[in-house]
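Novice: Take a look at this one; I'll ask things after.
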Amino acid sequence: MVLRRIALTIWFGFMAAVLIGVAMSRAVDHDEHSFIAAGVLLARDGLLPYRDYPYFHLPTLVFVYAAIFKTTNHLLLGARGFNVAAALALLIVVFCMSMRALREKEYYWRLGVSMAVTLLLFTNPLFRYTEGLAWNHDFPVLLSVLTFACVCSYSQGVGRKVMVFFAGMLLGGAVSSRLTFAPLIAPFLGMIFLGSNRSGDKRWPAAVLFSAGLLVALLPTLLLFWMNPHRFLFDNFSYHHTLNTSYQIAKAQKETVNKPLPFPYGRLISRYTGRMWLILTFSYLVIWKKLISWNWRGDGDRRLRFVLVLIPFAFIGSFVPTPSFKQYYYDLVPFLILGIIYSLATTEPRLLRRYLLTFLGVFLVCCAFSGFDFKYLTAFRTADQWPPLVVHSMGLDMKKAVGNGKILTLSPLFPLEGGLQIYKAFATGPFAWRTAGFVAKNEKEELGFVDAEDLSQLLDCERPAGVLLGGESEELERPFSEFAEKNGYTLHQRIHDYSINSRIRDYDLWMPAIR
């Protein structure tokens, strides 16, 4: 028993090392600026999203990141570390769910299959691409899978009533971290009310408990909505479906906005063979073996039916956002893996060897195509060049040069890493700035948007101690550079991003000639 635990510890320790290497080697993504800036503004200044500045996501991760930033000044390192932990926790949860689903099988057989499905998730390109970045994917995906585990246990008559309340809180945390998880509320309620082994008079209280847990987790979100309903609704709905769409059309990206029907399949299957093998395996072991033959029996098949009910709703959440990006479809991956697990768990013994050999063959092919990702283990040799550490060093250099004051920039992460302040109107990075021209003039001030026409008025009230350029396109940053030149700012320092795997980019820090 002790040796087994040591072996599993080494196994997951190796996975953790790869996940850290992957996450810490990735260049800064401009989506990360808004998530980190929101957490910093809350932790340092007590500013809240929607009420004090634009924020185009639901707010739970703002509170999570703020708590992290209360304990460390390494902002990007702390945020990415949290998401790596969530990704590793997801792997462990999937492994444990597999071991439980296969508990009637011989130990080493179920251990081998559980390790294989965990590796199938670990080597999946969508998982590998998304994990670890300071986005809002790893945490809600983990919470949604934990919700599934709790609801399944309760529906089988295993868990107590508190488990269904806890499941509601978990799903509420997922929804309030990323709005695209909201469609999962309906199938989970259906699972509790219609798919439970418990008597009918116990299902209504369970559904009420689940809804109560959901409501408790959503209370911070509802409070922010109550503070400023108009800005809350605009930032979470109008911005995405009207403002950002107008911007994309103006940029002649209609093929992304309109999204023809085959588009999501391209996101799921093309470019990375690992995605195709996961979908083919699911199609063969679940859709063909179960749906075509309609061979259902036992609790394992009940859980498989739950998975099949959840997947269309998860797909809706992945498909709706515009424009679409491949990381949005990562939400589907764990549920495809769970479908494979429950299909194998309920396979008749006479057919098990055939399906198991098919599964293991696909798994080996997937590993062969994804094996190059293990190069990230070598990232530990150059840990001093990890982007989170380099960005923090760049921020400290800026702090040393500027001293105190606000920095005008569309890349707020860099000055915040050094302890400097930013203009809250640019807390979203480039996103509010590039779409401000599509906002009605009489609404800009109320919504907290600033465009080129309003920039001088904003900066006349409080001159920036520095202007940081180079993080976004020259076109977007042109009003900033024109302001710097017009008001006697000079190029004080060119900061080079020397981190591994970063884009070749220099950041120019402009400061007043006379301070």
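Readers should treat all values here as calculations from the given coordinates under stated rules, not as data from a laboratory. Just so we're clear, the structure is a prediction, and the values are computed from it rather than from any experiment. All Cβ positions, glycine included, derive from the backbone under ideal geometry; neighbour counts span all protein chains shown.
Novice: Can you compute 3J(HN,Hα) from phi for each residue in the range 376-387, using the Karplus curve 6.51 cos²θ - 1.76 cosθ + 1.60 with θ = phi - 60°, rounded to whole Hz and x for Gly and Pro?
Specialist: These are the phi-based 3J(HN,Hα) values: 5, 4, 6, 5, 5, 6, 10, 4, 5, 9, 4, x Hz.
Novice: Size of the range 57-194 along its principal axes in angstrom, Cα-based, largest extent first?
Specialist: Computed over the Cα atoms, the extents are 48, 35, 25 Å.
Novice: How many angstrom lie between the Cα centre of the range 420-439 and the Cα centre of the range 306-338?
Specialist: Their Cα centres are 30 Å away from one another.
Novice: Over 28 Å between C-alpha atoms is what I'm after, so list which of LYS105/LYS326; LYS251/LYS400; LYS400/LYS444; LYS70/LYS424; LYS251/LYS326; LYS400/LYS441 land there.
Specialist: LYS105/LYS326; LYS251/LYS400; LYS400/LYS444; LYS400/LYS441
Novice: Let me ask you something else. Taking the beta-carbon count within 10 Å as an exposure proxy, list ASP138, ASP52 from fewest neighbours to most.
Specialist: Neighbour counts put them in this order, fewest first: ASP52, ASP138.
Novice: Which order results if CYS152, CYS96 are arranged by neighbouring Cβ count within 10 Å, fewest first?
Specialist: Ranking CYS152, CYS96 by Cβ neighbours within 10 Å, fewest first, gives CYS96, CYS152.
Novice: In the range 75-184, which GluC sites (Glu not before Pro) are in a loop and have at most 13 other Cβ atoms within 10 Å, using DSSP for the loop call?
Specialist: GLU104, GLU106
Novice: Still on this structure, I have one more. Over all pairs of distinct alpha carbons, what does the Kirkwood formula give as the hydrodynamic radius of the range 116-193, in Å?
Specialist: 13.5
Novice: Follow-up question, since we're still on this one. Which whole-Hz couplings ³J(HN,Hα) result when phi for each residue of the range 438-448 is put into the Karplus expression 6.51 cos²θ - 1.76 cosθ + 1.60, θ = phi - 60°, listed in order with x for Gly and Pro?
Specialist: 9, 8, 4, 4, 6, 10, 4, 5, 5, 8, x
Novice: How many percent of the alpha carbon pairs in the range 382-515 exceed a separation of 17 Å?
Specialist: It works out to 58 percent of all Cα pairs.
Novice: While we're looking at this one, here's another question. Give me TYR239, TYR107 ranked fewest to most by other Cβ atoms within 10 Å of their Cβ, as a rough exposure proxy.
Specialist: TYR107, TYR239
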